[in-house]
Each structure stands twice: as structure tokens, then as C-alpha cells.
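> Below: one structure in C-alpha cells.
The values are calculated or read from the model by the stated rules, or taken from the named source; none is laboratory data. Since the structure is predicted, the reported quantities are computational estimates derived from the model, not experimental observations. All Cβ positions, glycine included, derive from the backbone under ideal geometry; neighbour counts span all protein chains shown.
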Amino acid sequence: MRKFDLIVVGAGISSGSLIYNLLKLGFKGSILVLDRGDKIASGPTAFSAGGFRNLWTTDINQKLCSYSIGLLKNFAQEMGVGCAYQGSGYLFTYYQKAWDKIPAAFEQWNANAVNFEVLKPHEIENKIPGLLCGIDHMDPEIVEALEFEPIVGGIFGKDCGSFDPSQAAVGYFERALNDYPNPPVIELNTEVISVSIVNGVATGVTLKTAEGVEESVTAGIVALCTGPWINQILKRSGMGQEDLTPVIAQKRMMFITEFPGFPNVDSRWKDIPLTIIDQGIYFKYESGNLMIGKARKNEPDNFDTTFEQDYYINEVNLPMQERIPSASSCKLKSGWGGLYDTNVLDHNAIVGWHDNYKNLLLQVGYSGHGAMESPAVGLCLAELILFGAYRTIDCSPLRWSRFREGKLVKETIVI
């Protein structure tokens, strides 16, 4: 029977950051990485929009993201490979009722050194070509049907932007494989059936290869970086409802289109921030195209990733062209469906030890902000494993036991 000091389930950016930081901090043990995909970052990491921001309503998200932003900004210099870092900013726009609540966040943002700017409607229009903050240009019936209101203000995150999580994940694994005397063993096309539990201790996993061969492998620590599949694995491991996480799988689709005004495109589009407008529509520059997304309300808990072209036409482009009339020319070029591992209780990650099972580490439930937080969280969890405590950022507010303790950390700015 094979034995490793650490088994990591999942080969995305979260596990890549964890493994790289463990080795960088001096971990001398053996590591096995298992993933059901056929390459590094073939799961949710590959389908992420790739935005990063520190505009949040919880201290822990602000701190983790601000730290991650610094790591991403210097990623190419430290890692020797790029991650397509773009410091173009984040722009949230607001109707009056929501805007009235925004000043309450200023003190917290300032305390956590969040670099932000308050924008007036004309300043928002200057950042996004063709966007109109008012509603006088809209048909009154459409205004009523789609519940449009004037945009009265915006918050611009100056240190925010976007990157390629897949490139970052590959970078982490490349450095882990090439720079240390104990590189991880990576086995793809391999599904983890269950975690082995003996007397309340995680002692390894049972896996199945693409050829259908099952094998039990022992380990000192099992780290689950499994995204929306977390509860499936826990259930197959014989765990009861009290041991599970409040994580569900939710489909999120991204759409790649031509720019508004095509073919006479305003050159300023390549410099736009990631922008959130009416009904939660968000968009950003993406390699010579526009990337657009919008979360469907009450998306069911399932693993369906079917791409729906009609959703873009009816639910995304229709309202978008009311706010940006030239968006009527945003011809759909491609797109995809991916999965969020949504924590339905407080929309925050679950990281650290599982209190009911010794040596079982969790890094799941990011609810859409895993790519941007993983650079920092991977470091913090590496510290927890090696030193027994967090050193860089205290991630204990995100512990699994908070649900049992009734100490939720509710995040409200979720897209």
C-alpha cells in the first residue's frame, strides 16, 4: 500500500497555492495530488471569470484579497511565469436605495487599507464608453418591466482587476514540481471515492483510476480542495449530516462577445474595469473580446453545466443594451458553463481543519471568490499545517465549526 505524508484532492489554483507554499516554507514530506480531470486546472478554476477585488463587507475577505492582490501583482517576478495580471480596477454601480447604505462601509474599508474611489454618474459614464446612468433614453414600459432605475453612484476599486486563474494554477504546480527535492506526485484522470476514517482520524483515501482500478492510499493528512463535490466525497466516506458542509453546486455561465459598437469600437474598451451594472450583469475586457456574466437567481443544486445561448440573448444582452445602447451589437462568439461551490449560509469559504475528524483539512465553499483568495489562503493553510497556527492572516473566522457555533461571517457583496 502506498503512503504519503499529504494527499491533496483537487488540482486547481487553491491546491496549487497550498502545495507551493508548503514546499516554500520547508515542508519535507511526500505529497500526492489527485484530480478527476485530465490536466491541471480543468475544473472550476478553468471556468472562472478571473476577477479580483478587495471590496467586500467582511474583514476576512478584505484582508485575504488585499494580500492576494499583492501576490498576483508580483506573480510573474516570483514564479517566473505570468498570470495575465491586469490592474484595471473594479466598478460597482448602484441605484438610490443601495447607494444610501454604501457610506456605512467606508470606515471598514479605510481600516483595512482598501483603496477605493466614490464616483458620480458622469464619472461612471466616462469610464464605460456608451453607458448612460439615467433612464430617460429607455422605453417606459421596458423600465417598468425590467425594474430599471437611474444609477446614482459608483464605487471604484483602484487595486482590483483580473487575472488568469488557470495560468496561476499551472505556475504554482510548475514551481512545486521543479524547485524542490520532494515534488508532488500528480495523478490525473483519478477520482477519489472516499476518505478513509479510522477512529475519527483521516488516514488516507480510496481512489479509482480511469481504467477502473481501485486503490487505497494512506496519508498523514488529507486536504480536500474539491469545490462543489465536497459533500459527495464526505457522504461516500460514511459521514452524517452533522459532518457535511453547507455547500451546493450552482451553474454560472460566461459569455464571450464582440465589443459594443462593433465594428466601430471605441478604443477605451480595452482599459475598462470589471464593471457590475443592472440586475447583476458584469463584464470585463478579455483578450480582445468582452466577457459578460450574470448569475441566475435560485440556480438549483446540481452539476449541470449546459451552456445556454438563449440565456444570454434574453436575460443578459436585453437589459445590457438598455444601459449601454451600443451593446445591441454584442454578438455572442462563445461561452461556457461552470460551477460555483456556493456556501448557502454565509457565502464565505470553509478553510482549516474539520473539527469532527482529525487530519482532515478543508478548502472549499468559496462561493465564487476562490480564485482571488487562493493565493493568500494557500499560504495561510500551509502555515497551519507546518506551524500549527496561522501567521500571515488569521483565517479562523472561516473555520468549519462556525456553523455549529452560530458564528457566521456573512458576505453580502456576491456576484
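> Looking at GLU174, GLU187, which one is in the same structural domain as TRP229 (by TED's automatic domain parsing), farther than 30 Å from SER66 by Cβ and among the charged types (D, E, K, R)?
Answer to the check: GLU187.
> Looking at the stretch 219-228 only, could you name the residues that are within 13 Å of VAL33 (Cα to Cα) and not in a loop (DSSP other than H, G, I, E, B)?
The answer is ALA219, ILE221, VAL222, ALA223, LEU224.
> Being over 24 Å from SER42 (Cβ atoms) and either of a type in the set (Asp, Glu) or in a helix (DSSP H, G or I) (or both) is the filter here, so list the residues in the stretch 272-310 that pass it.
Selection gives ASP278, GLN279, GLY280, ASP310.
> If you don't mind, another one. Of everything in the stretch 230-274, what is out of contact with any Gly (no Cβ under 6 Å at 6 or more places or on another chain) and surrounded by 23 or more Cβ atoms within 10 Å (Cβ to Cβ)? Give them in sequence order.
Listed by number, the residues that qualify are ILE230, LEU234, GLN250, THR257, PHE259.
> Under the condition of being farther than 30 Å from GLY227 by Cα and of a type in the set (Ser, Thr, Tyr), which residue from the stretch 301-329 is surrounded by the fewest Cβ atoms within 10 Å (Cβ to Cβ)?
Residue satisfying both the conditions and the ranking: SER328.
> Any idea which residue in the stretch 239-296 is modelled with the lowest pLDDT, counting only those that are polar (S, T, N, Q) and on the phi < 0 side of the Ramachandran plot?
ASN264
> Looking at (1) within 23 Å of the chain's Cα centre (by Cα); (2) closer than 30 Å to VAL143 by Cα; (3) not in a loop (DSSP other than H, G, I, E, B), which is the one condition that is false for THR412?
So the condition that THR412 fails would be (3).
> Please go through the stretch 267-287 and give me each residue that is touching a Pro at 6+ places or on another chain (Cβ under 8 Å) and of a type in the set (Lys, Arg), ordered by number.
Result: ARG268, LYS284.
> Would you call ALA11 buried (at least 24 other Cβ atoms within 10 Å of the Cβ), in contact with a strand residue (DSSP E or B) (Cβ under 8 Å, 6 or more places away or on another chain), of a type outside the set (Ser, Thr, Tyr) and in a loop (DSSP other than H, G, I, E, B)?
yes
> Would you be able to tell me the number of residues in the stretch 362-408 that are farther than 12 Å from ASN348 by Cα and of a type in the set (Phe, Trp, Tyr)?
2
> Another one. Kindly indicate the residue of the stretch 177-192 that is under 25 Å from the mean Cα position of the chain (by Cα) and of a type in the set (A, V, I, L, M) and also farthest from ASN356 (Cα to Cα) among those meeting that condition.
That would be LEU177.
> Scan ARG36, ARG53 and give me the residue that is modelled with pLDDT of 95 or more and in contact with a Cys (Cβ under 7 Å, 6 or more places away or on another chain).
After ruling out the rest, the residue left standing is ARG53.
> Then there's this: Within the stretch 98-114, does at least one residue satisfy the condition of being buried (at least 21 other Cβ atoms within 10 Å of the Cβ) and either in contact (Cβ under 8 Å) with a residue 24 or more places away in the chain or assigned to a loop (DSSP other than H, G, I, E, B) (or both)?
Scanning the stretch 98-114, I find at least one residue that is buried (at least 21 other Cβ atoms within 10 Å of the Cβ) and either in contact (Cβ under 8 Å) with a residue 24 or more places away in the chain or assigned to a loop (DSSP other than H, G, I, E, B) (or both), so the answer is yes.
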